[in-house]
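Nothing in this text is a laboratory measurement; each read-out follows from the coordinates by a stated rule. Because the structure is a prediction, the values reported are computed rather than measured. Note that we place each Cβ from the backbone using ideal geometry, even for glycine, and neighbour counts take in every protein chain shown.
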Amino acid sequence: MFRQIFVNLPIKDLARSRAFFSALGLSFNPQFSNEQGACLEIAENIFAMLLTEPFFQGFTKKPISDAHQSTEVLLALSLDSRAEVEAVVRKALAAGATTPNPPVDHGFMYQHGFADLDGHQWEVFWMDMAAAPAQA
């Protein structure tokens, strides 16, 4: 079935976005990057294509959402610990992000997040699957 995910996000300033995500310790695949977009490598099979708005617009007839004003998607990424969640949020804030919500501790899951420079909301979380409550 599915093997990878490439999330496409519209951005205003490619150089600024590259610097922001580099400050989080992430890298870009030069094979799929140019002056119109950059392939952000999040994990082995998880990528975000950061596409300048004019280039992004070429893939859709709909207007591009302003992520500072409305939410179309929440990007949720799991991490190995609560400490790692907080470390990523600290790095994001230092690089210019904002935090749209306070951290939430569910006991079995700890989540926090940030809005990047273009307003896209990234939720980062740690979860102990064995301690997660059973759903009826």
Across region 1-51, what is the number of residues that are crowded, with 16+ Cβ neighbours inside 10 Å and among the aromatic types (Phe, Trp, Tyr)? 4
Qualifying positions in region 52-65 - of a type in the set (D, E, K, R) and either crowded, with 16+ Cβ neighbours inside 10 Å or not in a loop (DSSP other than H, G, I, E, B) (or both): 53
Hey, can you tell me all the residues within region 5-43 that are out of contact with any Phe, Trp or Tyr (no Cβ under 9 Å at 6 or more places or on another chain), in a helix (DSSP H, G or I) and of a type outside the set (Lys, Arg)? 14, 15, 17, 19, 20, 23, 30, 31
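How many residues are part of a loop (DSSP other than H, G, I, E, B) and touching a residue at least 24 places away in the same chain (Cβ under 8 Å) when one looks only at region 100-115?
If we filter region 100-115 for residues that are part of a loop (DSSP other than H, G, I, E, B), which is where we start, we get 100-103, 106-108.
Pick out the ones that are also touching a residue at least 24 places away in the same chain (Cβ under 8 Å) and you get 107-108.
Going through region 100-115 one residue at a time, the tally reaches 2.
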Sort out which residues of region 66-84 are surrounded by 11 or more Cβ atoms within 10 Å (Cβ to Cβ), more than 18 Å from residue 45 (Cα to Cα) and among the polar types (S, T, N, Q), and write them in order of number. 71
Just to be sure I understand the filter: pairs with C-beta atoms under 7 Å, separated by 6 or more residues or on different chains, first member in region 11-36 and touching a residue at least 24 places away in the same chain (Cβ under 8 Å) and within 17 Å of residue 121 (Cα to Cα), second member of a type in the set (Phe, Trp, Tyr) and surrounded by 16 or more Cβ atoms within 10 Å (Cβ to Cβ). Which pairs pass? 18/28
Among the candidates 131, 87, residue that is loosely packed, with under 12 Cβ neighbours inside 10 Å, more than 13 Å from the chain's Cα centre (by Cα) and not charged (D, E, K, R): 131
